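Structure first, then comments.
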Amino acid sequence: MREDATQLDQLLGAESVDYIFTDPPYGAFISYLDLSILWNHWLGLDVTEDSRNRETIVGDEQDHSESHYKDSLARSLTTSMCILRPDRWFSIVFQHWDTSYFSTILDTVDQCGGELRAAVTQTGDVIWSMHKKKNSVSVLGGEMILKFYESKRAKKADPQIADAREMDAASTLSDVFDECLKNDIEAFTNEALFNRIVIELWRRRALKCLELDRKEFNKRLEERGWTHSSRTHLWSRVGGGRRGAVAASLFER
């Protein structure tokens, strides 16, 4: 079956699905339609101009913009929440240095009544990825699995969350780094800490307002005395790192 994810409610109907597991496109990382021309031709599937215009991607042959990607991603997530039954679960697999993409995912599902219940970093073995193996300090491998519970309950404003417009970006980001590096952490992967920071920024409603690229990420760790090993692919302090990476669940304290 080949259907538009933004229109699945027309095919399946509202509140008709018990569980959703989705792995949405990663911005400009993979040109799905461009790379599947031979496959689609072999299967006898036409790739129409409309399909290309609808594709959730940045760039590609249509030169889609960032806003196109985020709008399309948000529509597909909104539709997914529409077809999900109350008291059911929705899992999303994603990984990217662009925190605004995570903001689109987390904010959209949250606004549709989904409660974030778990976020798990799954890195696996880096040996299979030559790109990760050669550039482990700047490449994010694996995935972050976000698990949402469809409550259908009205949301209440959190009085502890500050207005993002009043935040000092540098101070907030510094506080978040310090918060996520607490609890005697000895060593961790890029992915484990970055994903933890993404969730903490989102909790503070600062994810959309702050930018954190790989250079800034590495700089802040080095300023705090952490060193990255290209052999183990871990960040650690001198004499640390013997017990391995930080726990996978971002909700453990």
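The values are calculated or read from the model by the stated rules, or taken from the named source; none is laboratory data. Here the structure is a predicted model, which means the values were calculated and not measured. Please note: Cβ atoms are built from the backbone with ideal geometry, for glycine as well, and neighbour counts cover all protein chains shown. Keep in mind that these areas ignore ligands, DNA and RNA; they rest on the heavy atoms of the full protein, side chains included. Shrake-Rupley method; radii C 1.70, N 1.55, O 1.52, S 1.80 Å.
From the list Val139, Val120, exactly one residue is among the hydrophobic types (A, V, I, L, M, F, W, C), at pLDDT below 70, within 15 Å of the chain's Cα centre (by Cα) and within 25 Å of His228 (Cα to Cα). Which is it?
Val139
How many of the residues making up segment 206-227 are surrounded by 16 or more Cβ atoms within 10 Å (Cβ to Cβ) and more than 13 Å from Thr99 (Cβ to Cβ)?
Residues meeting the conditions: 4.
Looking at (1) assigned to a helix (DSSP H, G or I); (2) open to solvent by 30 Å² or more (accessible area, probe 1.4 Å), find the lone condition where Ser230 falls short.
The one condition Ser230 does not meet is (1).
Kindly evaluate Ser91 against the criterion of being assigned to a helix (DSSP H, G or I) and either open to solvent by less than 10 Å² (accessible area, probe 1.4 Å) or touching a residue at least 40 places away in the same chain (Cβ under 8 Å) (or both).
no
What tally of residues in segment 62-88 results from selecting those that are open to solvent by less than 60 Å² (accessible area, probe 1.4 Å), over 15 Å from the mean Cα position of the chain (by Cα) and at pLDDT below 90?
Total satisfying the criteria: 4.
Using beta carbons and a limit of 6 Å, which pairs, at least six apart or on different chains, have the first residue in segment 203-227 and closer than 17 Å to Leu106 by Cα and the second one assigned to a helix (DSSP H, G or I) and open to solvent by 40 Å² or more (accessible area, probe 1.4 Å)?
Qualifying pairs under 6 Å: Leu210/Ala169.
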